[in-house]
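K.L.:
Structure incoming, see below.
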Amino acid sequence: MIFTKYSNTLRWVIVTASFIIVSLILWKTYEFFQHFKEEERTKMENWSFAQTEFINSDDDATNLDLTLKILSSNKTTPMLVINEDGSLGSFNNLDETKIQDSLYVQKLIAKFAEENRPIPVKLGNTIASTIYYGNSPLLNKLKYYPLALLLIVFLFGAVIFFFYRSNKNATQNKLWSGMAKETAHQIGTPLSSLIGWTEILKSENVNPSYIAEIEKDIDRLQTITERFSKIGSIPTLELADIKKETLESFDYLKARASKLIDFEIIMPKGSILVNLNTQLYSWTIENLVKNAIDAMKGRGKLIIEIDQIDSIVKVNVTDTGKGIAKKDFNKIFEPGYTTKKRGWGLGLSLTKRIIEDFHDGKIKVLRSEKDKGTTIQITLKRA
């Protein structure tokens, strides 16, 4: 209980601490980079001084070991020595074949001058040459270290985020499943009572047509109870004619919908066998039709079209309602998303789960246009 109470605060403490740690690492990396850059400049200034000493030395000088050692110590830093007249004096740690190209040399000079301030080599008060040097390979690698660190932190954060999100979704699924089973249980008791009362009415000389309608609604309640009971578990799929199952849902909804809605169903000849859970599939059709009716505000045309292409069956539900913005094509199937003032945003999310998780199919918004209508398509495999 204590952990649950303070879990949100603890999460923000961890996030803040991680941000501070990463910021300190990046800052220290930057400091190290600048320090290393200063060290390289000191090395190049020493090289410049040795070059000056070497030029000023007498031909018969015998103790130039230190100067020559400094001049030969540069094994990594790329550099150019440009004479006063602009000609190339010498170079180090560069491709000998490319350095013959004067245009390549000019590009290197511009690049090196941008990376590091050139160092003049003086003879007395005159500048004999200028040293242009670039960053060493190690310095260049170190430059990208903060980016690599940020990438690692980003990936680590993404793993944590997706773990947290999947854990949250699993918890939500358990909650919805529990609610569904509890709803089925709660409906069961009054439903049993209604069945008993119906049998009593049959013996009371009540108009049979009234009883027939009551029995239809009782059957519907039993179907709804079965649906909710199956949501929390893996449903059984059986071979069924998708045309027959769709037509039954279509007829039931048409009889109870507004007369201002023009219903139409288009189906090919012959049966189309699909592995279905009939209760859950009829729930899917009902959800799509009810959403279409709401989008049309009780007036318009609704078409259900079944088509088969090779081993694929497609069921299109088309309305003439207000349409869906393209950016919301995927969002409408998310739990909790709704445009209705009193909606819970569960209908289409349950529909998606029924089709994709239980029937291994696909559901999507095929097309939609503002104030002209929407087509939602279900795709299933033939048996």
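K.L.:
Could you grab me the full set of residues in region 112-142 that are open to solvent by 80 Å² or more (accessible area, probe 1.4 Å), within 51 Å of the chain's Cα centre (by Cα) and more than 15 Å from residue 76 (Cβ to Cβ)?
P.N.:
114, 117
K.L.:
Can you confirm whether residue 190 is in contact with a Lys or Arg (Cβ under 9 Å, 6 or more places away or on another chain), without any contact (Cβ under 8 Å) to a residue 12 or more places away in the chain, open to solvent by 50 Å² or more (accessible area, probe 1.4 Å) and not polar (S, T, N, Q)?
P.N.:
The answer is no for residue 190.
K.L.:
If I filter region 232-243 down to residues being under 35 Å from the mean Cα position of the chain (by Cα) and touching a residue at least 60 places away in the same chain (Cβ under 8 Å), which single residue comes out as surrounded by the fewest Cβ atoms within 10 Å (Cβ to Cβ)?
P.N.:
Of everything passing the filter in region 232-243, 234 is surrounded by the fewest Cβ atoms within 10 Å (Cβ to Cβ).
K.L.:
Suppose the filter is over 24 Å from residue 268 (Cα atoms), among the aliphatic types (A, V, I, L, M), touching a Lys or Arg at 6+ places or on another chain (Cβ under 9 Å) and without any contact (Cβ under 8 Å) to a residue 60 or more places away in the chain; does residue 295 pass it?
P.N.:
Criteria not met by residue 295.
K.L.:
Quick check on region 256-264. Is at least one of its residues of a type in the set (Asp, Glu) and either within 21 Å of residue 220 (Cα to Cα) or part of a helix (DSSP H, G or I) (or both)?
P.N.:
no
Residues are listed down the side, and each one gets a yes or a no for (1) modelled with pLDDT under 85; (2) of a type in the set (A, V, I, L, M):
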position	(1), (2)
211	yes, yes
231	yes, yes
238	no, no
250	no, no
261	no, yes
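K.L.:
Go through (1) under 19 Å from residue 265 (Cα atoms); (2) out of contact with any Ser or Thr (no Cβ under 9 Å at 6 or more places or on another chain); (3) touching a residue at least 24 places away in the same chain (Cβ under 8 Å) and name the single condition residue 303 misses.
P.N.:
(2)
K.L.:
Here's a follow-up. Which fully enclosed strands (runs of 3 or more DSSP E) of region 268-383 have 3 or more residues being crowded, with 19+ Cβ neighbours inside 10 Å, of a type outside the set (S, T, N, Q) and in contact with a helix residue (DSSP H, G or I) (Cβ under 8 Å, 6 or more places away or on another chain)?
P.N.:
Because the criterion is at least 3 residues that are crowded, with 19+ Cβ neighbours inside 10 Å, of a type outside the set (S, T, N, Q) and in contact with a helix residue (DSSP H, G or I) (Cβ under 8 Å, 6 or more places away or on another chain), the strands (runs of 3 or more DSSP E) in region 268-383 that meet it are 312-319, 373-381.
K.L.:
Which one of the conditions (1) over 40 Å from the mean Cα position of the chain (by Cα); (2) at pLDDT 70 or above does residue 34 fail to meet, given that it meets all the rest?
P.N.:
Looking at each condition in turn, residue 34 falls short on (1).
K.L.:
Among (1) polar (S, T, N, Q); (2) surrounded by 16 or more Cβ atoms within 10 Å (Cβ to Cβ); (3) over 43 Å from the mean Cα position of the chain (by Cα), which single condition is residue 97 missing?
P.N.:
(2)
K.L.:
Restricting attention to region 190-227, report how many residues are within 26 Å of residue 354 (Cβ to Cβ) and not acidic (Asp, Glu).
P.N.:
11
K.L.:
For region 244-265, indicate whether the set of residues that are under 22 Å from residue 373 (Cα atoms), crowded, with 17+ Cβ neighbours inside 10 Å, within 30 Å of the chain's Cα centre (by Cα) and of a type in the set (Ser, Thr, Tyr) is non-empty.
P.N.:
Within region 244-265 (the criterion being under 22 Å from residue 373 (Cα atoms), crowded, with 17+ Cβ neighbours inside 10 Å, within 30 Å of the chain's Cα centre (by Cα) and of a type in the set (Ser, Thr, Tyr)), the answer is no, since none of the residues qualifies.
The values are calculated or read from the model by the stated rules, or taken from the named source; none is laboratory data. These numbers come from a predicted model, not from an experiment. With ideal geometry, Cβ positions are generated from the backbone for all residues, glycine too; neighbour counts draw on all protein chains shown. Calculation scope for accessible area: heavy atoms of the full protein, side chains included, ligands and nucleic acids excluded. Shrake-Rupley method; radii C 1.70, N 1.55, O 1.52, S 1.80 Å.
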